[in-house]
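Taken together, the values in this text are just the output of simple stated rules run on the coordinates, not laboratory data. All of these numbers come straight from a predicted model, not from anything done at the bench. All Cβ positions, even for glycine, are placed from backbone atoms using ideal geometry, and neighbour counts span all protein chains on display.
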Amino acid sequence: MRNELHFLTGRRTDILSHALLNTVVKNFGFRGSKFQKDSEAFLKHYYLQARRISQILETILIRRRSETRRSFNWLGGRYSPFGAPQKKKASSQIEHSRFLRSPEKWMQHFRYGQSQGVSLDEPTRTTIRQTLPQFKQAAFSTSALAADFRAILRNKGKVAQVIRQMHDLGFLGRVLPEFGRLTCLAQHDLYHKYTTDEHTLRALEILDEIAQGQGTSHGPYQKVLNEIHDSSTLYFALLMHDTGKGLGGGHSSKGALLVRRAASRLGFDPDEGEKIQLLVQHHLLMGHVSQRRHLDDSHTIEEFVKKVQRPDILNMLLLITYTDAQAVAPGVWTDWKDYLLWDLYYKAYDRLMFTQGISSSARAELETVHQQVAHLLKLEIDAATIRKHFRLMPEKYALYTSTSQIVKHLRLLPQLEEVPVVLNWEGHPDKGYTDLTLVTRDHRGLFAQIAGTLSAFNLNILSAQLTTRDDGIVFDQFQVGGQAGNYRLHQQDYPRVEKL
């Protein structure tokens, strides 16, 4: 292919550009299929061969580095034929016996390696890669293997690396044939920089970064991710969100059908399976609505909410939308798109939280929250005051406000008897923003006064959660940061803001 590029351009050309691709494909005689362009068939073949060569070279280099190193005098200096000596990485070894040569045992080892932060050694990887074809598909569909796989997805912040290793060995494609079909699947357009499988793996890596608190831009998303109790649903939906690609138009709907069967096979309970299917079905919805629709139109929000249905779905859809877009190519995601996405999120969240009833299972969860709050405050606030607080609040307040936040509200409430406004600050200097909790009595123009005060200090309201009790007491939660992203509120500024 490199020679072909030289012949076509008459000069050294080592990059296959969009302008040259169709001519190269024609000259090589590649033909696609009903759902695949000729260029996409060519690119998939190329990437498969490059991947194979890369794996072979990696195996050779790992073996050579594990042997006794020899240094050579070369031109008067010391020369190491395989580069500078590398620190020995932690690795997990499998005893190579017939007993351990089974997909179930391998999945257990992947899970162990994830928990210990180690990777499989080269002999083990070679064993898995060479032995995979010997097993029938039923060996990859056992309940024990499925349970370990779900446990891996549940380990928030540590998923992407082990999934990538499974994929590189071909193991993931046997556990999830729906995803294995995406291996080196190329999309010939101007937007997607990576093959479909690589794009998905990068999206998982971004989700891990959010969970680990890496990067200031991920900060607001980490708060939402922390509200998700069982992250296996989110990780699995993200892993499977593009499995409908390569099957013709409407990949979201086709992917939803594929993921329903996969979720059932892996033992997700019916409710989680429905969530995963809904997330895959609508994984493009939030981006489309936020960037292409008028968000001040109540009808737009109402239509969106009807499809999303539940706040936990909204939270996961926000994270999938963000990580999916970030993984398309560098520079695709912008501050403006981020602002629009959050604008839609909060408008939909308010609609879901305060205008719809709750299910019987959610009502049981409400009672659990009430008990947790009462237990945490049993030495500070009497039970009658706590019950009154919940009774005067919107019903969904306890369901979708963190327990720590509810406890903070109840602790701040008594101070309102002495001052007209109670404020509480919690700085996050590493993430570039500050949490401000404000308790006061509601009156006309209150939010405008708060926004004006913060603007006077060159602060921007990044997010806001506004809750009003039936007796007119408001509990407002603000996330504030600099207007240009380079300023944060300092502790010595708190009294000045409070006074103003």
### Task
Let me have the 222 nm mean residue ellipticity of the chain computed from DSSP H runs of 4+ only, each contributing -39500 (n - 2.57), with the sum over all residues rounded to the nearest 500.
-17000 deg cm²/dmol
### Message
Counting other beta carbons within 10 Å of each residue's own, what order do S290, S33 fall into, fewest first?
### Response
S33, S290
## Note on the structure
If D335, D121, D208 are placed from fewest to most neighbouring beta carbons inside 10 Å, the sequence is D335, D121, D208
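Evaluate the charge dipole of the stretch 102-199 about its Cα centre and quote only its size in Debye, nearest 20, assuming +1 on the Cβ of each Lys and Arg and -1 on the Cβ of each Asp and Glu.
Numbers: 13 positive and 9 negative charges, 56 e Å.
Charge dipole, the stretch 102-199, about its Cα centre: 260 debye, nearest 20.
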### Message
What does the C-alpha gyration tensor say about the overall shape of the stretch 139-235? Classify as rounded when a/c is under 1.5, otherwise prolate if a/b is larger than b/c, or oblate.
### Response
oblate
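Stretched out fully, how many nm does the piece from S33 to L500 gain, at 0.36 nm a residue minus the Cα gap? Could you put the intermediate results ahead of the total?
On the way: separation 467, 0.36 × 467 = 168.12 nm, distance 6.77 nm.
Contour length minus Cα-Cα distance gives 161.3 nm.
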### Message
Starting from the 7 Å offset along Cα-to-Cβ, what nm value, one decimal, do you get for the label separation of R2 and R310?
### Response
5.3
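List, in the order given, every pair from K37/K337; K37/K105; K158/K223; K44/K254 whose Cα-Cα distance in the structure shown is over 29 Å.
Values: K37/K337 31 Å; K37/K105 40 Å; K158/K223 17 Å; K44/K254 21 Å.
Flagged as over cut-off: K37/K337; K37/K105.
Between Q49 and H299, what is 0.36 nm times their sequence separation minus the Cα-Cα distance? Round to one decimal in nm.
Value of the extension gain: 84.9 nm.
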### Task
Just grab the label-to-label distance for K223 and T385, each label 7 Å out from Cα along the Cβ direction, in nm (one decimal).
2.6
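If packing is taken as the average number of other Cβ atoms within 10 Å across a peptide's residues, how do 308-316, 380-388, 10-18, 407-415 rank, most packed first? Present the calculation step by step, with values, prior to reporting the outcome.
Working: 308-316: 20.7, 380-388: 13.1, 10-18: 9.8, 407-415: 17.1.
Ranking the peptides 308-316, 380-388, 10-18, 407-415 by packing returns 308-316, 407-415, 380-388, 10-18.
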### the chain: DSSP helices with Cα axial extent of at least 27 Å and average Kyte-Doolittle hydropathy no lower than -1.0
38-66, 335-355
### Task
Using the number of other C-beta atoms within 10 angstrom as an exposure proxy, rank L172, L466, L238, L379 with the fewest first.
L379, L466, L172, L238
### Task
Subtracting the Cα-Cα distance from 0.36 nm times the residue separation, let me have the gained length for A144 to R181 in nm, one decimal.
10.9 nm
### Summary
Hits in the stretch 438-462: amide N under 17 Å from the 7 Å Cα→Cβ extension of S404, namely 438
